[in-house]
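Undergrad: Take this structure, written in structure tokens, and hold onto it; I'll ask about it next.
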Amino acid sequence: MIDARHYRAEDKLRDGRRVVIRAITPEDKAAMLEAYHGLDPATLYLRFFAPRREPTAKELREWTEVDFVSTVRLVACIATDDGSERIIGGASSFRLAGVEAASAEISFTVEEDFQGQGLAGQLLWHLAHIARAQGVSCFIAEMLPANQAMLAVFERSGLPMQRRRVAGVVHVRLEL
């Protein structure tokens, strides 16, 4: 069984830089806020479907204090010159209830300087690895049609995929 709460893996970006993909912790609040402040408004709009304001203390808690059962949140970090970590991206899965009990909704954010480096695909792979171990059989994602880069990540994942467009939103289902 995978211990999602202590998950940690090393990967490489396409350009050769090392990246650590790990479970988020409550101690990541300041790093998450710093990463959030470094994002372009267009990236935030694609992730949240609306312009965003400063995250509240409640939102920071929700982002960093998760149970790793109903919610799994991973962050991607690179080492800085002083030896600390800098969050450059993240991915989350949220278990759905009812009819979709074996499904989880997923979301991703990657800092602009690291887009196109394969990071979202790596985050998807790690989320899927954890989800399968937890009995999740499919991922569900919703995105704006303008988010073609994320749609391409899903298409390249090798996971069986269904997609449909409803009311200006692209709905994707990935079978694990």
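Undergrad: Normalised by the residues of the chain, what does the relative contact order come to in percent, with Cα pairs under 8 Å and at least six apart?
TA: Details: 290 pairs, mean separation 32.7, N = 176.
Result for the chain is 19 percent.
Undergrad: Which whole-number percent is the relative contact order of region 65-156 (Cα, under 8 Å, 6+ apart)?
TA: Numbers: 117 pairs, mean separation 21.6, N = 92.
Once divided by the residue count of region 65-156, the mean separation gives 23 percent.
Undergrad: What's the extension gain from residue 169 to residue 79 if we count 0.36 nm per residue and subtract their Cα-Cα distance?
TA: On the way: separation 90, 0.36 × 90 = 32.40 nm, distance 3.59 nm.
This chain segment gains 28.8 nm when fully extended.
Undergrad: What ranking do 21, 130 get, fewest neighbouring Cβ atoms within 10 angstrom at the top? Write out the running numbers ahead of the final one.
TA: Numbers: 21 22, 130 19.
Least to most surrounded, the residues fall as 130, 21.
Undergrad: Can you sort 138, 77 from fewest to most other Cβ atoms within 10 Å of each residue's own Cβ?
TA: Going from sparsest to densest Cβ surroundings: 138, 77.
Undergrad: Let me ask something else about it. For region 101-143 and region 29-70, what is the separation of their Cα centres, given in Å?
TA: 16 Å
Undergrad: When the helices in the chain are scored as -39500 (n - 2.57) per DSSP H run of 4 or longer and the sum is shared across all residues, what 222 nm value do you end up with, to the nearest 500 deg cm²/dmol? All intermediate terms of the calculation are to be shown ahead of the outcome.
TA: On the way: 5 runs with 49 residues, N = 176.
After summing the helix terms and dividing by residue count, I get -8000 deg cm²/dmol.
Undergrad: Same structure again: What list do you get for 12, 29, 58 if you sort them by fewest beta carbons within 10 Å?
TA: 58, 12, 29
Undergrad: Next question. At R0 = 22 Å, how high is the FRET efficiency between residue 10 and residue 34 if r is their beta carbon distance? Nearest 0.05 is fine.
TA: Working: r = 22 Å, r/R0 = 0.99.
The pair residue 10/residue 34 has a calculated efficiency of 0.50.
Undergrad: Considering every pair of different Cα atoms, what Kirkwood radius, in Å, is found for region 110-155? Kindly include the intermediate steps, with their values, before the conclusion.
TA: Details: mean 1/r = 0.0850 Å⁻¹.
After inverting the mean inverse Cα-Cα distance, the result is 11.8 Å.
Every number in this text was worked out from the coordinates using simple rules, so none of it is lab data. Nothing here was measured: the structure is a model prediction, and the numbers come from that model. Cβ coordinates were reconstructed from backbone atoms using ideal geometry, including for glycine residues, and neighbour counts include every protein chain displayed.
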